[in-house]
Amino acid sequence: MSRVSFAPSDLLENMLGTKVGSATVFSALLDKDNAIQIVLDKDIICEEWYGCSDGTTTTGYMKIKTAQIIHEFLPFVHLSNKIN
């Protein structure tokens, strides 16, 4: 089983331009070098809906079909082969 690690806040901001607490699966759009890996828990993949913040540290929230994330968004950002 591989170990999950998170980037230090300065590296996160440098790679994705996001602050701690505001990174979401949609932050992959900002990964110009395709250097990040997105890990989705099996329980999340089994859910009909995926919800996350709007990419800010405010109270905005987004809800989208999980299947759209897996089958449309991740292939779009070239991460479909990195689902764990």
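The values are calculated or read from the model by the stated rules, or taken from the named source; none is laboratory data. Every value quoted in this text rests on a predicted model; they were computed, and no experiment measured them. Counting neighbours? That spans all protein chains shown, and the Cβs are built from the backbone with ideal geometry, glycine included.
Table for the structure above
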quantity	calculated
Count of segment 42-63 residues which are in a strand (DSSP E or B) and either surrounded by 10 or more Cβ atoms within 10 Å (Cβ to Cβ) or of a type in the set (A, V, I, L, M, F, W, C) (or both)	6
Cross-chain or 6+ apart pairs with Cβ under 9 Å, segment 65-84 first and over 17 Å from C46 (Cβ atoms) and at pLDDT 90 or above, then of a type in the set (V, I, T) and buried (at least 17 other Cβ atoms within 10 Å of the Cβ)	F73/V25
